[in-house]
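Please read the structure below before turning to the comments.
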Amino acid sequence: MNFTGLHDFLAMGGYAAYVWPAYAVFLAVLIADSLAPTVRRRQVLRDLRAQLARQAARHARKGATIPGSAPHPSAPPPRSA
């Protein structure tokens, strides 16, 4: 297919109504497919932060400590054996 100018190229030999929407759909799917992991990662991290905050609040109410954290100020001192 030889194009003599930009108008002929954009017309795609009379098939522009089929070719350009196909390119647009392809580009939209390509962009969505490349952004989906980033969006999902942010959602998972947000959910995990919320879950950790709920767990910390629950442990603080019970007076327990989360492993690796400092003891709660109102917690009784540990008993010696």
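Values in this text are rule-based calculations from the coordinates and carry no lab data. Since we're looking at a predicted model, the values are computed, not measured. Quick reminder, even Gly has a Cβ in these numbers, built from the backbone with ideal geometry, and neighbours come from all protein chains shown.
Calculated FRET efficiency, residue 62 to residue 36, Cβ-Cβ distance, R0 = 35 Å: about 0.35 to the nearest 0.05. A Förster radius of 35 Å, combined with the Cβ-Cβ distance separating residue 43 from residue 20, puts the computed FRET efficiency at roughly 0.55. Exposure proxy for 59, 7: other Cβ atoms within 10 Å of each Cβ, ordered fewest to most, give 7, 59.
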